[in-house]
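Enquirer: Before I ask anything, here is the structure I am working with.
The values are calculated or read from the model by the stated rules, or taken from the named source; none is laboratory data. Keep in mind that this is a model prediction, so the values were computed, not measured. Glycine gets a Cβ as well: all are built from the backbone with ideal geometry, and neighbour counts include every protein chain shown. The area values use the complete protein model at the heavy-atom level, side chains included, leaving out ligands, DNA and RNA. Shrake-Rupley method; radii C 1.70, N 1.55, O 1.52, S 1.80 Å.
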Amino acid sequence: MAEKKNSNTNNEDENALTPEQVAAAKHVVPASITDEMKDSYLDYAMSVITSRALPDVKDGLKPVQRRILYAMHTMNLTAGGKFRKSAAIVGEVLGNYHPHGDSSVYAAMVNLAQSWSMRYPLVWGQGNFGSIDDDPPAAQRYTEAKMTKISGDMLRDIEKSTVDFRSNYDGTKKEPIVLPAAVPNLLLNGTLGIAVGMATNIPPHNLNEVVDAINHLIDTPKATNEDILEHIKGPDFPTGGIAFNEADIHHASATGKGGVVVRGEAEIVEGAKGTHQIIISSVPYRTNKADLIIKIADLVRNKKIEGIKDIRDESTDEIRVVIDLKGGGHPQNVLNNIYKYTQLEDTFHYNVVTLVDGIPQTLSLKGILEQFIAHRIEVITRRTKHDLDKAEAREHILLGLKKALDHIDEIIKLIKKSKDTQTAHANLMKEFKFSDRQATAILEMRLQKLAGLERQKIEDELNEVQKLIAELKAILSDEKKIRKVVKDELAEMQKQYGDERRTKIVKTGVKSMSVEDLIPDEESTLVLTDGGYIKRMSPDEFKKQKRGGVGVVDIATKDDDFVHTFLTANTHNDLLFFTDLGKVYQTKMYDVPEGKRATRGKSVMNFLPLEAEEQITTVLPMPKEIKKSDDLSVLMMTKQGVTKRVKAENFYDVRRNGLIAMKLGDNDQLIKADFVNTGDDVVTVSAYGQAIRFSAKDIREMGRSATGVRGMKLASGDYLIGAQVVRADAHEPGLLVLTASGYGKITALSEYKRQKRGGSGVKTAKVTSKTGNVIAIRVVTEEETELVVMSKKSQVIRTDLNEIPHLGRVSQGVRIMKLREKDEIASVICL
């Protein structure tokens, strides 16, 4: 029993609490683990939001970015200085300001140096800093870096008490809470950040536009967001591209939230042997080019996109992705599918969340500008006060020196009588009423200051300092002057760093790529070659050619190509393209690429989804307005002599993939289309030299689906080569006839009596083996003065129409153009 009792006693002693444990237990506060988890998580979330993921509205930087730039500043790694190893910079940041992983700091610094990530890079990197294909940068021990010039302006005047500082993480150093930021970095470079429960996504903008908007807001503080957007057209991504829909841009800029569709730039070009290529020259912002190429390849492999033969990346400093297309495909359809299924078309989602005095807020474009203006006003005010304090301190010293020089003999005696420096210092303050700093400056003054010129320097410096003090006080006393300083310094930034916009802004949505509101409505000239190359030129080039006599069709073509169509229309005109398959397509004149006289132009496949063997036979400029009461119609003729007339209003809105304009018989082709009015006549001519003239009203108007009626009866083996409209108001028109071997003439149209349609007509040219078949006709009037004839082997002749003889209907004509062996006339243009 005794042993058992002792055993229990020992256990009780072991379980007893020590006096210290008892005291500590009195301070334990019971808490719910749920409440503790909530509080701790909120503290963590706020730390991520304010100290890691979101930028400050004043300088547009996240804490790690700000610490990188400040560390480089303290290391004197300015744009004009030497490069330092990235590892040294990362070590400086980690050791003094940002106690986190070195990989995260290096990744942030690399991002600041990438020209495809930053619209205006803040770090100048030397070595491998990655690529737009998301290739990783070299290790930090291999690369070097320093600040760019614009980074220097982000930190300018930081030593002049322009911003507040706080202790670093271990209290050994001070770091800036924000940078003075002479440029609105938040808008210039944008940002992307994911915090806890919130995120931010702000696009880059163009410096010239942002500065203009700030100046406008300074001058007009009550300006609306719409007023601001008169200056800032939209985002300006470092990778270029196209941003669509002004309405979406305005909404996102006004609310801080919204989506804007962006596209990479791509064009369809004709490659070797008539094949086509799609050339991608830019990609949407933050799009991985390598992933885009892989995605396109996967879509081809899975037969989601058809018609692609090969894809390769030919990019150097500029993006160039080449997609080879198979023959017989529809290039525009392939490109549309690439836009649809890949990131070549993407949506940039605005989420303008930023820290305003440490509090996350969603701001409009105007709100960001207002915050930046307020920041710059504060920076300039604090800098001016700092400079004023420094100037007044210097003035105080100079006043003391000037007074001392005025009483130099007495002061020298006083100093000589003093037993030591401290006594001399006290005597100067007592006898001459100098301040402590003035007395110190006098005792430190060198004897050389007693020289006359040195005395004058003190007086001159005093005058300059007093003048500066007056200027600084004037600035501080007038907010308008402070705002003017803001504008002047921004103008300096604009002059140094302003550049052209890279991203094109299209006012309408992506489904309607028209930029009509940006294009002036003016006369323009269109040239289309038989090989399908098209361009638009200024009429001024045409006029210069007439004076110089070079030839309006002096255009770079392939050896077997020649100019097919030459017409003049306004840039806002719709163009109707009629093809030999009886289809009609439509596009705007301004959508045709502009070129110069000696350029070949672009393939028409860029604009029209033509089939592989489909050829354009006629291009008509559509009148801007067609009323139901108008009698304007479109007359069409086929190779087999079938004609048809359709109300012009039926072609006012042609869908993207084209419309059937005329149903064709077997082996028939649409060769001509033209507008006709009541009272107009039509002249058609066959290859064997037969012609018929009949009234356009003899052909009743039909629907688009109709086949048409016989316009001319053709002999066996014969076929129509052309049809021309004779306007009712034409004055003494003539019919120009050219044969394949280069013979031609003009015959007065009065010799062609009006007949009923459907007849075989009358002889219009004597066709022999010498002349060859009739190849081209034109109705000429007094308005046309010149004739340009081209052969299939690229011979070109230009002559005055009055040099062409006027002969009777049945004559063969005279030689207009001497052709090489096996060559023949290909195209005729009247000017």
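Enquirer: In this model, which of Lys58/Lys160; Lys273/Lys639; Lys222/Lys484; Lys62/Lys257 are farther than 24 Å apart at the alpha-carbon?
Expert: Pairs exceeding 24 Å: Lys273/Lys639.
Enquirer: Once the dipole of the chain is set up with Lys and Arg at +1 and Asp and Glu at -1 on Cβ about the Cα centre, which of Ala706, Ile505, Val685 lies farthest towards its positive end?
Expert: Result: Val685, furthest along the dipole toward the positive end.
Enquirer: In addition: Once you order the gyration tensor axes a ≥ b ≥ c over the Cα atoms, which shape class does region 145-195 get: rounded for a/c under 1.5, otherwise prolate or oblate by comparing a/b with b/c?
Expert: It comes out oblate by the Cα gyration axes.
Enquirer: What's the center-to-center distance, using Cα atoms, between region 250-308 and region 371-389 in Å?
Expert: 46
Enquirer: Follow-up question, since we're still on this one. Of all beta bridges DSSP finds with both residues in the chain, what is the antiparallel percent, to the nearest 5?
Expert: Taking every DSSP beta bridge with both residues in the chain, the antiparallel ones total about 90 percent.
Enquirer: For region 59-198, what does the alpha-carbon gyration tensor say about shape, rounded, prolate or oblate, given a ≥ b ≥ c as the root eigenvalues, a/c under 1.5 as rounded, and a/b over b/c as prolate?
Expert: Taking the square roots of the gyration eigenvalues as a ≥ b ≥ c, region 59-198 is rounded.
Enquirer: If you take the beta carbon distance between Lys402 and Met75 as r and set R0 to 51 Å, what does 1/(1 + (r/R0)^6) give as a FRET efficiency, to the nearest 0.05?
Expert: 0.75
Enquirer: In whole percent, what relative contact order does region 138-206 give with Cα contacts below 8 Å and a gap of six or more residues?
Expert: Answer for region 138-206 is 23 percent.
Enquirer: Still on this structure, I have one more. Using a/c under 1.5 as the rounded threshold, could you call region 573-626 rounded, prolate or oblate? The axes a ≥ b ≥ c are square roots of the C-alpha gyration tensor eigenvalues, and prolate needs a/b larger than b/c, oblate otherwise.
Expert: oblate
Enquirer: Let me ask something else. Per residue, what accessible area does the chain have, given a 1.4 Å probe and all protein chains present, in Å²?
Expert: Using a 1.4 Å probe on heavy atoms only, each residue of the chain averages 49 Å².
Enquirer: Rounded to the nearest 10 Å², what accessible area does Ile671 have for a 1.4 Å probe in the complete protein model?
Expert: 40
Enquirer: Moving on. For Ser811, what is the net charge nearby, where nearby means another residue's Cβ is under 10 Å from its Cβ and Lys, Arg count +1, Asp, Glu -1?
Expert: Residues close to Ser811 contribute a combined charge of +4.
Enquirer: Between Lys433 and His216, what is the spin-label point distance in nm, taking each point 7 Å from the Cα along the Cα→C-beta axis?
Expert: Between Lys433 and His216, the label points sit 5.8 nm apart.
Enquirer: Shifting gears a bit: In terms of solvent-accessible area of protein heavy atoms at a 1.4 angstrom probe, what is the ranking of Asp666, Asp157, Asp406, highest value first?
Expert: Reading off the accessible areas and sorting them downward yields Asp666, Asp406, Asp157.
Enquirer: Now for a different question. What percent does the relative contact order of region 141-274 come to when contacts are Cα pairs within less than 8 Å and at least six residues apart?
Expert: Normalised by residue count, the contact order of region 141-274 is 13 percent.
Enquirer: Let me ask something additional. Treating the angle as unsigned and between 0 and 90°, give the value, to the nearest 10°, between the Cα long axis of helix 207-219 and the longest Cα principal axis of the chain.
Expert: Between the helix axis and the principal axis of the chain, the angle is about 70 degrees.
Enquirer: What translational diffusion coefficient, in µm²/s and rounded to a whole number, does the Stokes-Einstein relation yield for region 571-685 at 37 °C and a viscosity of 0.692 mPa s, taking the hydrodynamic radius as the Kirkwood radius over Cα pairs?
Expert: So the translational diffusion coefficient is about 217 µm²/s.
Enquirer: For region 198-220 and region 735-777, compute the distance between their C-alpha centroids and round to whole Å.
Expert: So the separation of the two Cα centres works out to 68 Å.
Enquirer: For the chain, what is the charge dipole size about the Cα centre, in debye to the nearest 20, if Lys and Arg each add +1 at the Cβ and Asp and Glu each add -1 at the Cβ?
Expert: 2120
Enquirer: Any idea how far apart Thr508 and Thr781 come out in nm if each label point goes 7 Å out from Cα toward Cβ?
Expert: Calculated label separation equals 3.3 nm.
Enquirer: Shifting gears a bit: Sorted by accessible area (1.4 Å probe), largest first, how do Arg301, Arg437 line up?
Expert: Ranked from most to least accessible, the order is Arg301, Arg437.
Enquirer: Work through the residues other than Thr707 whose Cβ is under 9 Å from its Cβ and net out their charges, Lys, Arg +1 and Asp, Glu -1.
Expert: Computed value for this residue: +2.
Enquirer: Here's a follow-up. Would you please report the Å³ per residue occupied by the convex hull of the alpha carbon atoms in the chain?
Expert: Given the Cα convex hull of the chain, per-residue volume reads 330 Å³.
Enquirer: In region 469-484, which residues have a backbone nitrogen under 18 Å from the label point lying 7 Å from Lys495's Cα in the Cα-to-Cβ direction?
Expert: What the label zone holds, given the 18 Å backbone N cut-off, is 484.
Enquirer: Within region 204-235, report the GluC sites (Glu not before Pro) that DSSP leaves as loop and that have at most 13 other Cβ atoms within 10 Å.
Expert: Those satisfying the criteria are Glu230.
Enquirer: If R0 is 56 Å, what FRET efficiency do you get for Glu459 and Arg141 from their C-beta distance, rounded to 0.05?
Expert: With a Förster radius of 56 Å, E is 0.45.
Enquirer: Additional query: For the chain, what % of the accessible area comes from carbon and sulfur atoms, probe 1.4 Å?
Expert: 49
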